[in-house]
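A short worksheet on the structure shown next.
Just so it is clear, none of the values below were taken in a lab; they were calculated from the coordinates. Note that the structure is predicted; figures quoted are calculated from it, not measured. Ideal geometry is used to build each Cβ from the backbone, glycine not excepted, and the neighbour counts take in all protein chains shown.
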Amino acid sequence: MNSIFAGLPTTVFETMSQLARQHDAVNLGQGFPDDPGPRDVREKAAQAVLDGWNQYPPMMGVPELRQAAAAHYRHWQGLDLDPGEIMVTSGATEAIAGALLALIEPGDEVVLFQPLYDAYLPLVERAGGVPRLARLTPPHWRLTEEVLASAFTPKTRVVLFNNPHNPTGRVFEREELDLLAEFCRRSDAVLVADEVWEHVVFDGRRHVSVLSLPGLRERSVKIASAGKIFGMTGWKVGMVCAAPELMKSLSKAHQFLTFTTPPSLQHAVAYGLGKDPAWFEDTRAGLQRSRDRLADGLAALGLTPLPSAGTYFLNVDLTALDPRLDDEAFCRDMVERHGVAAIPVSAFYARDAVRSVVRFCFAKTDATLDAALGRLERLRQAA
Ligand code: GLN
C-alpha cells in the first residue's frame, strides 16, 4: 500500500458528520447548505437526463458550458477567457488533483498555506512534490512578506493557494495578492488557485481572480466549482481555467482521471451561469444574513467570532472563553454533550497547529442556526 494514503485518517468532515448523526446533533461541521439549490437549475438537469444527455460528452466539457463559463467570468471578474482555455472536471477536487499531477515533477518544491484544506497535502506528496508550508495565524491570517519568504525558494515550482479561504473565511486583500504574484514570478512558479468560494464574498467585496494579477495570466490555473456556486455540493462539477500552454498538460491528467463529467449536469450549469446577476447577489445577501445571525448568536454566548469575509464559514477563537481550551476536545464535547457539530481548525494544519479555533458552517436555515444556538445555550450555563 502506498504509505501516503495508508497513513491518513478519515477526513475530519466525514468524521464530524458521522458523529453528528450518531449524536443526533445539529451539523454545522461539514460545509453544505440546507437549501436544495435553485429549482430552475435542478429542473434543467432533470430535463437533460430525460432528453438523453447521458453518453460521454467531449473530454474538455460540453461547448455550451465552456462558452457560458467564459461569459460568466467576463461579467463577474473581468477575465478575458477563450472557451478553449476552460475545461470541465468532476468537481474542484479532481481539478486540483489533476493540476498537481500534471505540473509537479518529483522533487519539485510546492508552496502551501496552513491552515490548508485537508486534500491538498497528500495530493502534493503523492504527486512527488516536496511541500513547503507557510503558516497563517489568527486573528488576521495575513499573507505577509515574512510568511511568503518562509516557504518560497528558487526551487519553488508550484504554489497551491485558496482564495476566498477555507477555513479562515478570509478574502485576501489586493496587496497580499500582488505580493504573492511577485513571489510566483520571482521563483518562476505556477500558481494553482482554488477559487471555489469566488461568489461567496460579503460586505460588498468583489472576488479578484489570480488570472487578473499582473504577470500571472500565463502562469496560473483557476479552479472553480459549480457545486459551490449553486450550493449543490454533491454535483461535483468543477471548472479549470488556464492559458493554452498549461491547459495542454492539465487536460492530459484529466483525461485519465475522470475523462468526462455527467453531461446533464454540465448543461444545467451552463444555464445556471447565465442566470440573472440578481440571483447571485441575492444568494450572497442571504448567506451574509446567516453569517450575521450566527455571529451575533455566538457572541451572545460568550464565544468570540473572528471576521468572516467569505465562504460558508465563521470561526470562533476559544482563547477568549478559556485559554486552556483545545479545539478538538471542545468539538468532541460540543457534539457529544450539546448536540452541535463543528470542525476543529487544527485539522487544517499538518504541523505547528493553531489549536484554539473552531469552524462553524452558517449556510443553513434560520431554524437550523437557531436550533444550534439554543443547544449551545447550555454551554454557557455549564461554563
Ligand atoms: N468543503 C467542505 C468543507 O470544507 C468539505 C468537503 C468534504 O467533506 N470533503 O466543509
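For the chain, the share of DSSP beta bridges that are antiparallel, to the nearest 5, is 50%.
Take the residue pairs Lys275/Lys364; Lys222/Lys364; Lys222/Lys252; Lys252/Lys275; Lys44/Lys228; Lys44/Lys248 and return only those whose Cα atoms are more than 24 Å apart. In this structure, Lys222/Lys364; Lys252/Lys275; Lys44/Lys248 exceed 24 Å between Cα atoms.
In terms of other Cβ atoms within 10 Å, Asp188, Asp326 run from fewest to most in the order Asp188, Asp326.
Relative to the current alpha-carbon distance between Asp370 and Asp178, full extension at 0.36 nm per residue lengthens the span by 65.1 nm. Relative to the globular-protein estimate of 2.2 N^0.38 Å, the Cα radius of gyration of the range 30-94 stands at 1.31.
Computed on the Cα atoms alone, the convex hull of the range 192-327 gives a volume of 163 cubic angstrom per residue. For the range 142-220, relative contact order (Cα pairs under 8 Å, six or more residues apart, normalised by length) works out to 34 percent. What's the whole-number percent of alpha carbon pairs in the range 114-264 lying beyond 19 angstrom? Summing the P(r) of the range 114-264 above 19 Å gives 56 percent of all pairs.
Taking a quarter of the surface of the Cα convex hull of the range 247-341 gives a mean projected area of 10.6 nm².
Length gained on full extension, Ala278 to Asp203, computed as 0.36 nm times the residue gap minus the Cα-Cα distance: 25.4 nm. Short-range pairs are left out: with C-alpha atoms under 8 Å and at least six residues apart, the relative contact order of the chain is 24 percent. Put in line by how crowded their Cβ is, counting other Cβ atoms within 10 Å and starting with the fewest, His23, His72, His254 read His23, His72, His254.
Calculated from DSSP H runs of 4 or more alone, at -39500 (n - 2.57) each and per residue, what is the 222 nm mean residue ellipticity of the chain, nearest 500? Mind showing how you got there, number by number?
Numbers: 14 runs with 158 residues, N = 383.
Taking each H run of at least 4 residues, the total per residue is -12500 deg cm²/dmol.
A viscosity of 1.002 mPa s and a temperature of 20 °C, combined with the Kirkwood radius over Cα pairs in Stokes-Einstein, give a translational diffusion coefficient for the chain of 100 µm²/s.
From largest to smallest, what semi-axes in whole angstrom does the range 1-70 give when each is the square root of 5 times an eigenvalue of its alpha carbon gyration tensor? Working shown, then result.
Numbers: eigenvalues 232, 99, 29 Å².
Equivalent-ellipsoid dimensions as semi-axes: 34, 22, 12 Å.
Potential lengthening of the chain between Thr319 and Val49 amounts to 92.1 nm, from the contour at 0.36 nm per residue minus the alpha-carbon distance. Put +1 on the Cβ of every Lys and Arg and -1 on every Asp and Glu Cβ in the range 43-110; which of His72, Thr93, Pro106 then has its Cα farthest towards the positive end of the dipole? Of the candidates, His72 comes out farthest on the positive side.
Where the only charges are on Cβ atoms (+1 Lys, Arg; -1 Asp, Glu), what is the dipole of the chain about its Cα centre, to the nearest 20 debye?
Numbers: 40 positive and 47 negative charges, 48 e Å.
Roughly 240 debye for the chain.
Going by Cα centres, the range 164-210 and the range 336-361 are how many Å apart? First find each Cα centre; the distance between them is then 23 Å. With a simple spin-label model that places each label point 7 Å from the Cα along the Cα-to-Cβ direction, the separation between Ser150 and Phe256 comes to 3.7 nm. With the simple spin-label model, which puts each label point 7 Å out from Cα in the Cβ direction, the Arg186 to Thr137 separation comes to 2.1 nm.
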